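The values are calculated or read from the model by the stated rules, or taken from the named source; none is laboratory data. If you're wondering where the values come from, they're calculated on a predicted model, not measured in any experiment. Here the Cβ is made from the backbone with ideal geometry for all residues, glycine too, and neighbour counts use every protein chain on show.
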Amino acid sequence: MDISIDNIDSSIIISITGRLDSVTSPKLEEWSDEFLESPKGDTIMDFSQLEYISSAGLRVILNISKVMKNHPYRFSICNPQDHVREVFEISGFDSIIPLYKSIEECMA
Amino acid sequence: MLIMKEKFEIINSLKGIEYLRVSLERIAQSWSLSSKLLFELNLILEELCTNYIEHAAAESNSLLDVEMVLDGKIIEVTVKDSGKPFNPTEMSDPDINASIDKREPGGLGLYLVKRYSDSFDYSRVDGENVVTIKKNINPN
């Protein structure tokens, strides 16, 4: 699992590549603990390269989403692959975290 | 109808989760399973294994025995461990309609197992927890 960061206008795009399972999720959690201390803008997680997610990954995403609510910025997820989107829907995460089809739609 | 069978053991640690992924990728290729089915089987088995690692208070060097059988249009997965009795099918479901403030991450793993399985059963046999999952193979 790799994390890469881009800035588009004032938004921060976090791209996750690979798998978010119980082996790799601690790496995202460690990274996000630092990021969440002082996010600098609306934050979009790009899931287009995310191949797999389990409850370990969902747990980290839920935490990020909860903490972002305490900051004056939006948090959303864009472009999940079908299997990942289905896990989000079954878990009810699609009703608490905005999901968009593309970064452009997310930023509109 | 040819019945295919695979068996492997998973060690009680996160290294076991990595071994699970590699084993399932090999089996999916050998059985010509779709990427969707591989994803779902991996999810089911990861959740069962992490639940065992986190909650069953098993001895550090204990193993999970996994057996997978492909019989026509049904895959049956049996996971056995010799830890203390624990019935994962009895865990209560998380409230997936709760607002974000009230949403707790606990319980989601076994809820996913339940939702992605066509049957999810537990028995205690000869001092072992035996969890059996069945999954129908859909066309496509």
Residue A:52 fails exactly one of (1) buried (at least 18 other Cβ atoms within 10 Å of the Cβ); (2) free of Cβ contacts under 8 Å to residues at least 24 places away in the same chain, namely (2)
Taking residue B:6 as the residue in question, decide whether it is buried (at least 16 other Cβ atoms within 10 Å of the Cβ) and within 10 Å of another protein chain (Cβ to nearest Cβ). no
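Only one of these is of a type in the set (Ser, Thr, Tyr), within 12 Å of chain B (Cβ to nearest Cβ) and within 11 Å of the chain's Cα centre (by Cα): A:91, A:65. Name it. Outline the logic, then answer.
Values: A:91 fails: within 11 Å of the chain's Cα centre (by Cα).
Just a single option satisfies the conditions, and that option is A:65.
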Is one or more of the residues making up region A:69-82 surrounded by 15 or more Cβ atoms within 10 Å (Cβ to Cβ), under 26 Å from residue B:24 (Cβ atoms) and within 13 Å of chain B (Cβ to nearest Cβ)? yes
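Each row is one residue, and each column tells you yes or no for (1) within 27 Å of residue B:54 (Cβ to Cβ); (2) within 13 Å of chain B (Cβ to nearest Cβ); (3) of a type in the set (D, E, K, R).
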{"position": "A:6", "(1), (2), (3)": "no, no, yes"}
{"position": "A:11", "(1), (2), (3)": "no, no, no"}
{"position": "A:23", "(1), (2), (3)": "yes, yes, no"}
{"position": "A:26", "(1), (2), (3)": "yes, yes, no"}
{"position": "A:35", "(1), (2), (3)": "yes, no, no"}
{"position": "A:50", "(1), (2), (3)": "yes, yes, no"}
{"position": "A:61", "(1), (2), (3)": "yes, yes, no"}
Restricting attention to region B:20-40, which residues are within 14 Å of another protein chain (Cβ to nearest Cβ), of a type in the set (A, V, I, L, M) and in contact (Cβ under 8 Å) with a residue 12 or more places away in the chain? B:20, B:24, B:28, B:33, B:37, B:38
Any idea how many residues of region B:5-21 are more than 15 Å from the chain's Cα centre (by Cα) and at pLDDT 95 or above? 1
Hits in region B:104-115 - residues which are in contact with a Leu (Cβ under 9 Å, 6 or more places away or on another chain) and surrounded by fewer than 21 Cβ atoms within 10 Å (Cβ to Cβ): B:104, B:105
Output for Cβ contacts, cut-off 9 Å, separation at least six or different chains, first residue closer than 20 Å to residue B:113 by Cα in region A:81-108, second assigned to a loop (DSSP other than H, G, I, E, B) and of a type in the set (Lys, Arg), reads A:92/B:103; A:93/B:103
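Okay, residues lined up against (1) within 14 Å of another protein chain (Cβ to nearest Cβ); (2) at pLDDT 90 or above:
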| residue | (1), (2) |
| --- | --- |
| B:75 | no, yes |
| B:80 | no, yes |
| B:90 | no, yes |
| B:98 | yes, yes |
| B:108 | yes, yes |
| B:119 | no, yes |
| B:125 | no, yes |
| B:139 | no, no |
Identify the single condition in (1) under 10 Å from the mean Cα position of the chain (by Cα); (2) buried (at least 20 other Cβ atoms within 10 Å of the Cβ); (3) within 15 Å of residue A:96 (Cα to Cα) that residue A:46 does not satisfy, given that it satisfies every other one. (3)
Mind listing just one residue for me: the one in region B:61-102 that is among the β-branched types (Val, Ile, Thr) and over 17 Å from residue B:114 (Cβ atoms) and, of those, farthest from the chain's Cα centre (by Cα)? B:100
Would you mind listing the helices (runs of 4 or more DSSP H) fully within region B:8-122 where at least 1 residues are of a type in the set (Gly, Ala, Ser) and touching a strand residue (DSSP E or B) at 6+ places or on another chain (Cβ under 6 Å)? B:14-30
Can you name the condition, by its number, that residue B:52 falls short on among (1) among the hydroxyl-bearing types (Ser, Thr, Tyr); (2) surrounded by 19 or more Cβ atoms within 10 Å (Cβ to Cβ); (3) within 22 Å of residue A:81 (Cβ to Cβ)? (3)
